[in-house]
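Working notes for the structure below.
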Amino acid sequence: MGTTLLRVGVALSLTVWLGTRPVDGQSTVLRPATEVADALQARYDGVRDFSAAFEHRYEGGLLRKATSERGTVEIKKPGKMRWTYEAPERKLFVSDGHTMYSYVPADKQVIVNDVPDDAPAGGPVLFLAGRGSLNLDFTVQYADGLRDDGPQALALALIPKVPQPDYESIVLVIDEPSLQIRRLETVDAQGGRSTLLFAMIKENVGIPDSSFAFTVPRGVDIIENNRASR
């Protein structure tokens, strides 16, 4: 699950903006990227829970493949997450803050792993779950990565201060007025690009802890901390 969620997480090596953005044929001076990161951090420090529909795209990598998956996500601090992939294949990834469960019905197995108390931030997905700090964990700068995100979008490039095994950098696209996250994008060492696009976002709606409980289905293999059992 760790690799999937960190892929689900997001990053890329990109061209850095020169601190300006064209608006109606002119240029607008942007405030320092670190200030935007501080404002974003302050905003999400006040978000207790978060739900959204998502599209997860992956392209490139060693196999040079392109995939697109859709589903829903629920996140609640501290450290609780539920990613439900609905199409084209059903998958479920659940963390109750202490244990992570990865379940793909077609594989008839559940992978169970402990969540270390001292786990690093890992990426913005875990930042949403209340772990880590953007400016403490990353070097933050503007990135040229807006594509079709609209005129009010800002793209931040996040370079981890401690090298990460699953990604090299992150693009975090936010809506400038609301500071709401629209897109997370990563590129791994093999050149694979993983992108999460969020829609129908809801915040602070009181998601119950029961949403992050997982019951192991009957008849599946359990792989617990790399030890197989029934």
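Here are the numbers:
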item: Neighbours by Cβ (under 6 Å, 6+ apart or cross-chain): first from segment 53-64, at pLDDT below 95; second of a type outside the set (S, T, N, Q) and assigned to a loop (DSSP other than H, G, I, E, B); result: G60/G191; G60/G192; G61/G192
item: Any hit, segment 28-47, residues being part of a strand (DSSP E or B), at pLDDT below 90 and more than 30 Å from S102 (Cα to Cα); result: yes
item: Segment 27-52, residues that are surrounded by 15 or more Cβ atoms within 10 Å (Cβ to Cβ), of a type in the set (G, A, S) and either more than 25 Å from E86 (Cβ to Cβ) or without any contact (Cβ under 8 Å) to a residue 60 or more places away in the chain (or both); result: A33, A37
item: So E55, is it of a type in the set (D, E) and assigned to a strand (DSSP E or B); result: yes
item: Tally of residues being in contact (Cβ under 8 Å) with a residue 12 or more places away in the chain and of a type in the set (S, T, Y) across segment 180-221; result: 4
item: Residue satisfying condition, being closer than 14 Å to F127 by Cβ, touching a Leu at 6+ places or on another chain (Cβ under 9 Å) and surrounded by fewer than 18 Cβ atoms within 10 Å (Cβ to Cβ), within set L184, L179; result: L179
item: Unique residue being farther than 20 Å from K202 by Cβ and of a type in the set (G, A, S) when the list is G71, G46, G60, G79; result: G60
item: Selection from segment 151-200 of residues that are in a loop (DSSP other than H, G, I, E, B), at pLDDT 85 or above and under 15 Å from the mean Cα position of the chain (by Cα); result: Q180
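The values are calculated or read from the model by the stated rules, or taken from the named source; none is laboratory data. The structure presented is a predicted model; accordingly, all values stated were derived computationally and were not measured. Don't worry about glycine lacking a Cβ; one is built from the backbone with ideal geometry, like all the others, and counts go over all protein chains shown.
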